[in-house]
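Where a number appears in this text, it was derived from the coordinates with a stated rule and is not lab data. What you see is a predicted model, and the numbers here were worked out from it, not measured in a lab. Because the Cβ atoms are built from the backbone with ideal geometry, glycine has one as well, and the counts that use them run over all protein chains shown.
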Amino acid sequence: MPPLVKICGLSTPETVDAAIRHGATHIGLVHYEPSPRHVDLKTAAELRKRAGPHVKVALLLVNASQQLTGDALGMVRPDIIQFHGSETPEWLAVVKRLAPAEIWKAVGLKDAETLTRIQKYRGIADRILFDAPAAALPGGTGTRFDWSLLKNHRHTMDWGIAGGLNPANVGEAIATTSAPLVDVSSGVESAPGVKDVDKIAAFLKAAGR
């Protein structure tokens, strides 16, 4: 079975349509103003409706306030809330109790000790998304982590990988890590925040979709 594939940072109807047409199982919408992929909640809600039942829609938040998190859930009604900042297990547990959505937590994978530290999210996060360690922005930087850290690792939670993936290397990433889900953003762009339909198609083909 090929892995699940999430195309993240979509911001236009055309790219949402392309991701679905070429076999994405998930799409991601970023609500974080410093990101070049930021969409306001009204736009996110429109794109979420356009996706319909064909894919799961994730809304990415970074250290969002309680008010913003509630507004985002109410307006966008995503299938998944993807927390991409320094959110605590306690906060995720609160959202999990109140939100009719999956809870994902992105984690910068620096070293083997990270794999121990993430156990604090066990039973709370529905999926851990391993990404490159945060730089100026928490994700979407095109930087990859050391995939060998996950080789033969015995996972205790559902998981996936992100960070520096593109059509040329996603096959290697899958072969090295046996990832059940791969997540791409900058690797299918022609410029920061500008998704390329042909690259989306190429990535999904390379990932086996």
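Here are some notes:
- Taking each residue as 0.36 nm, the span from SER65 to SER86 lengthens on full extension beyond its C-alpha to C-alpha distance by 6.3 nm.
- Note on ASP198/VAL94: beta-carbon distance plugged into 1/(1 + (r/R0)^6) with R0 of 25 Å gives a FRET efficiency of 0.05.
- By the rule of a C-alpha distance below 15 Å, with chain neighbours fewer than 8 residues away ignored, the aspartates and glutamates paired with LYS105 are ASP79, GLU87, GLU90, ASP126, ASP131, ASP158, ASP183.
- Within the chain, antiparallel bridges make up roughly 5 percent of the DSSP beta bridges whose residues both belong there.
- Measuring against 31 Å, Cα to Cα, the residue pairs LYS42/LYS151; LYS120/LYS195; LYS49/LYS110; LYS42/LYS96 contain LYS42/LYS151; LYS120/LYS195; LYS49/LYS110 as the ones spanning a longer distance.
- Between the C-alpha center of segment 72-111 and that of segment 148-169 there is a gap of 19 Å.
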